[in-house]
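Heads up, the thing below is written out as structure tokens.
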């Protein structure tokens with residue numbers, strides 16, 4: 001079966017954030033134009049059927065001009081299945097009402113906004129250039145054109161911040177009637193401005209206190225904690241595209257530095273713009289054998305509220321999960337780290353923060 | 001055909017670690033064109049990688065070198081290598097016994113150190129003619145005249161003829177060779193007497209059995225001879241004999257005064273004890289050569305496979321090592337915490353280190369070693385005497401009347417500036433002050449009697465840090481003495497871990513218990529639950545810490561492209577877990593079992 005999900009990467013950014021280590025390049029009109037042409041070429045080189053989800057990520061997709069956006073979106077419309085989810089990532093300062101109207105015109109029905117925080121001092125430290133007013137405008141325009149499924153990305157854990165800062169951010173977000181929230185703890189990655197200038201994140205104990213607070217606070221406000229860092233008001237508003245990844249399903253990945261998973265093969269695109277412009281897209285391919293597939297299946301599915309479905313697992317890997325991992329399950333259960341019922345096993349909400357140690361318990365047997 | 005003894009010179013090189021022994025040996029081989037330059041690997045005599053890396057010589061080797069001297073005669077040199085560490089002092093003494101002389105190599109900037117002295121005394125004990133050689137004279141910090149003066153004052157050796165060389169640069173090496181001809185006596189054994197050959201080394205060859213290195217002291221040895229080891233009382237027939245140049249050269253016989261090897265289809269290295277005398281079984285000598293001693297292990301530790309399924313592989317590996325290492329002893333033991341493994345005995349700490357590293361490196365085994373222990377004599381109230389080298393096997397305190405532990409005499413050589421801190425160190429290590437002597441105006445020898453267990457426990461590093469690296473030391477067993485000793489248990493998550501038990505002095509128990517629990521807290525990673533670590537004596541807890549439960553261990557962002565990265569991270573975590581030992585439900589890394597050794601005592 002062909003993948004039903006499509007990811008497109010737009011690497012351009014107007015500013016580089018101090019914590020970001022994704023594939024990105026400074027926006028340049030000539031390059032952007034050329035890039036989109038090559039991107040569409042790459043897209044058409046795959047025989048893609050209609051998709052249930054399309055996600056345009058970055059970089060900053062909204063840094064493209066109106067015309068460029070229209071060029072891109074006009075090529076995507078035909079891939080939309082009925083009952084689709086079509087998302088785009090945006091930065092508040094790069095948008096105007098016209099671009100948002102364009103989203104609506106071409107069927108985008110979910111917008112993920114890089115808010116990060118409502119504390120403008122912290123925003124500056126993060127290397128972000130928008131203001132709270134920009135966020136307000138974007139939300140107003142979205143509501144005006146009728147895109148009500150929007151999500152905020154928030155970041156927490158910069159040195160010098162506290163639980164109170166996070167509470168303020170959550171209160172502000174809730175006041176905008178968001179249906180979905182992603183909350184990421186700051187990680188200082190090598191090759192970022194933060195790393196070089198020795199900026200630090202809070203320690204693990206402090207981060208955990210904040211994480212526990214977030215879960216409880218959002219629970220009180222009716223949100224479902226459906227993935228390690230993701231919350232939604234109901235199942236309707238879970239990110240269906242991202243669930244593709246977390247449920248180990250296949251997807252197309254198009255664009256600079258993108259990766260995809262097609263027909264049992266994971267592949268990685270080049271991160272060099274020059275190579276990409278020479279139509280050299282894929283730089284690495286790996287056939288995922290059954291053992292690796294099981295590794296990935298466990299690692300990914302445990303991130304979600306759905307956890308591991310025994311029937312599906314047993315069928316895929318031809319063994320009985322509950323029998324095979326009997327000891328591990330007993331130990332983890334004793335420590336209240338997992339919940340198990342007749343059909344599935346999942347990690348309890350707060351303990352998703354030590355997910356890697358739990359995953360390791362299982363995969364050490366592989 | 002045998003060589004005329006007049007033209008044979010048998011000698012060793014004595015030097016402190018890093019003073020250039022192996023480099024000089026290389027230069028000698030080069031100059032005599034025994035080994036062609038293109039074949040030279042640096043430091044030819046050290047054949048094991050481990051030796052090369054650590055700059056120490058573990059296995060002995062003997063090489064025949066031909067040299068045409070200035071007097072026009074062709075001489076045959078036998079250069080006998082000696083190990084350079086105190087653990088192997090008996091082996092050193094036997095290889096010295098195979099010589100008539102020794103080159104004493106002293107670093108022109110460092111001067112004489114404790115171990116050099118120890119080996120010099122061994123050489124003097126064996127009546128060797130000692131030729132001092134001052135090395136590294138090319139260094140800016142070289143003080144050859146000062147060093148010569150020291151040698152005369154401290155050892156009492158004349159240095160008029162001492163060659164001043166740089167082995168590294170090949171400077172004045174010929175002078176060394178001439179000094180060997182002139183000052184080292186030729187062998188003088190009676191070639192018609194019954195055979196007496198000294199065994200000074202051996203190693204195991206999978207195809208030919210044990211290869212025995214010998215020095216023919218009297219008589220001669222021929223292929224086909226029936227030989228007898230006089231101490232182990234075993235007999236064999238010589239199948240092959242010869243010399244090393246360093247390539248193996250087979251000969252029909254080894255004459256009086258010669259140094260070489262023999263094979264006799266010997267399957268068990270225990271039959272070939274260093275220091276034993278080989279004689280002719282048909283025409284035996286009346287008595288063996290003097291100086292034979294059976295080597296006894298001084299230090300013991302448990303060695304376990306991390307993965308219990310590897311027990312068989314570990315046994316095979318230790319057995320193979322033992323083929324080459326007559327001093328290594330082992331027997332199976334079981335630990336509740338670690339499963340099946342072996343209790344192994346070693347000559348000393350370096351010997352223990354070398355064996356551990358070879359198991360890991362050459363046999364690719366993941367092993368856990370427990371903290372080393374000495375051999376205790378435990379007397380019970382009912383008069384029974386127990387000899388115990390495993391702390392976890394100690395009887396309950398109620399049954400014990402008294403415990404004796406081994407003491408050693410420690411000689412520390414140090415610049416006088418550091419005597420204060422070093423005495424304090426020795427005092428903290430339960431040392432009993434014996435003597436303090438000046439060697440010259442700046443250096444002193446400090447002598448203490450001290451429990452061997454205290455030397456095992458972090459002594460070397462602290463000696464070095466108390467003296468900015470300048471002090472060196474040497475030790476010798478002096479006997480057993482009663483001490484107030486108690487067994488300290490360590491509990492993880494409420495369970496006693498037998499492999500972490502140790503014997504400590506009662507007055508130091510609280511301190512050690514505290515240090516140990518704090519150290520374990522730093523090496524045991526956070527687990528999914530809080531883990532209490534306790535130290536206890538006779539069931540009474542004397543120290544406690546906790547390893548807090550892990551609070552965050554997740555990659556918070558995981559989307560399409562991130563999967564491979566996350567996978568790598570988890571693979572690494574999985575690998576780390578594989579290396580840990582699950583004790584109950586607590587995962588303990590290998591280092592934890594050595595934690596006792598590395599606690600920083602303040």
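The values are calculated or read from the model by the stated rules, or taken from the named source; none is laboratory data. Just so you know, these numbers come straight off a predicted model, no measurement behind them. Cβ atoms come from the backbone with ideal geometry, glycine included; neighbour counts cover every protein chain shown.
Here are the numbers for this structure:
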{"item": "Count of segment B:176-208 residues which are surrounded by 15 or more Cβ atoms within 10 Å (Cβ to Cβ) and assigned to a helix (DSSP H, G or I)", "result": "7"}
{"item": "Residue match in segment B:414-427 (condition: modelled with pLDDT of 90 or more and under 21 Å from residue B:480 (Cα atoms))", "result": "yes"}
{"item": "Residues (closer than 15 Å to residue B:585 by Cβ and touching a helix residue (DSSP H, G or I) at 6+ places or on another chain (Cβ under 9 Å)) located in segment A:322-337", "result": "A:328, A:329, A:331, A:332, A:335, A:336, A:337"}
{"item": "Residue within segment A:52-59 that is touching a strand residue (DSSP E or B) at 6+ places or on another chain (Cβ under 9 Å), within 24 Å of residue A:241 (Cα to Cα) and more than 14 Å from chain B (Cβ to nearest Cβ) present", "result": "yes"}
{"item": "Residue match in segment A:89-111 (condition: at pLDDT below 95 and surrounded by fewer than 19 Cβ atoms within 10 Å (Cβ to Cβ))", "result": "no"}
{"item": "Answer from B:319, B:333 - the residue that is surrounded by 16 or more Cβ atoms within 10 Å (Cβ to Cβ) and either under 18 Å from residue B:364 (Cβ atoms) or in contact with a strand residue (DSSP E or B) (Cβ under 9 Å, 6 or more places away or on another chain) (or both)", "result": "B:333"}
{"item": "Total residues in segment A:159-191, condition within 14 Å of chain B (Cβ to nearest Cβ) and part of a loop (DSSP other than H, G, I, E, B)", "result": "6"}
{"item": "Residue within segment A:309-331 that is more than 10 Å from every other protein chain (Cβ to nearest Cβ), in contact (Cβ under 8 Å) with a residue 40 or more places away in the chain and outside any strand (DSSP E or B) present", "result": "yes"}
{"item": "Filter result for residue A:222 (part of a loop (DSSP other than H, G, I, E, B) and facing another protein chain (nearest Cβ under 10 Å))", "result": "no"}
{"item": "Count of residues meeting criterion [in a loop (DSSP other than H, G, I, E, B), in contact (Cβ under 8 Å) with a residue 12 or more places away in the chain and more than 12 Å from chain B (Cβ to nearest Cβ)] in segment A:273-308", "result": "5"}
{"item": "Selection count, segment A:139-158, where residues are in contact with a strand residue (DSSP E or B) (Cβ under 6 Å, 6 or more places away or on another chain) and part of a helix (DSSP H, G or I)", "result": "1"}
{"item": "Matching entry among B:515, B:521 (being surrounded by fewer than 22 Cβ atoms within 10 Å (Cβ to Cβ), more than 16 Å from residue B:540 (Cα to Cα), in contact with a strand residue (DSSP E or B) (Cβ under 6 Å, 6 or more places away or on another chain) and not assigned by TED's automatic domain parsing to the domain that holds residue B:340)", "result": "B:521"}
{"item": "Single residue of segment A:191-201 satisfying the filter (farther than 15 Å from residue B:555 by Cα and in contact with a helix residue (DSSP H, G or I) (Cβ under 9 Å, 6 or more places away or on another chain)) that is surrounded by the most Cβ atoms within 10 Å (Cβ to Cβ)", "result": "A:194"}
{"item": "Residue within segment B:542-557 that is in the same structural domain as residue B:516 (by TED's automatic domain parsing), touching a strand residue (DSSP E or B) at 6+ places or on another chain (Cβ under 7 Å) and closer than 30 Å to residue A:23 by Cβ present", "result": "yes"}
{"item": "Residue match in segment B:102-112 (condition: part of a loop (DSSP other than H, G, I, E, B), in contact with a helix residue (DSSP H, G or I) (Cβ under 8 Å, 6 or more places away or on another chain) and modelled with pLDDT under 90)", "result": "yes"}
{"item": "Odd one out for residue B:469, checked against (1) away from every other protein chain (no Cβ under 14 Å); (2) touching a residue at least 60 places away in the same chain (Cβ under 8 Å)", "result": "(2)"}
{"item": "Top-ranked residue in segment A:245-268 [being facing chain B (nearest Cβ under 9 Å) and in a strand (DSSP E or B); ranked as farthest from residue A:81 (Cα to Cα)]", "result": "A:268"}
{"item": "Spans of strands (runs of 3 or more DSSP E) in segment B:279-371 with at least 3 residues touching a residue at least 60 places away in the same chain (Cβ under 8 Å)", "result": "B:299-305, B:367-369"}
{"item": "Selected residue [surrounded by fewer than 16 Cβ atoms within 10 Å (Cβ to Cβ), farther than 22 Å from residue A:243 by Cα and out of contact with any strand residue (DSSP E or B) (no Cβ under 6 Å at 6 or more places or on another chain)] from A:263, A:292, A:280", "result": "A:280"}
{"item": "From A:216, A:242, residue being assigned to a helix (DSSP H, G or I), within 15 Å of the chain's Cα centre (by Cα) and at pLDDT 95 or above", "result": "A:242"}
{"item": "When residues of segment A:346-365 are limited to those that are touching a residue at least 60 places away in the same chain (Cβ under 8 Å) and either at the interface with chain B (Cβ under 7 Å from one of its Cβ atoms) or under 16 Å from residue A:294 (Cα atoms) (or both), the one surrounded by the fewest Cβ atoms within 10 Å (Cβ to Cβ)", "result": "A:363"}
{"item": "Qualifying residue in segment A:336-345 (condition: surrounded by fewer than 16 Cβ atoms within 10 Å (Cβ to Cβ), within 14 Å of another protein chain (Cβ to nearest Cβ) and assigned to a loop (DSSP other than H, G, I, E, B))", "result": "yes"}
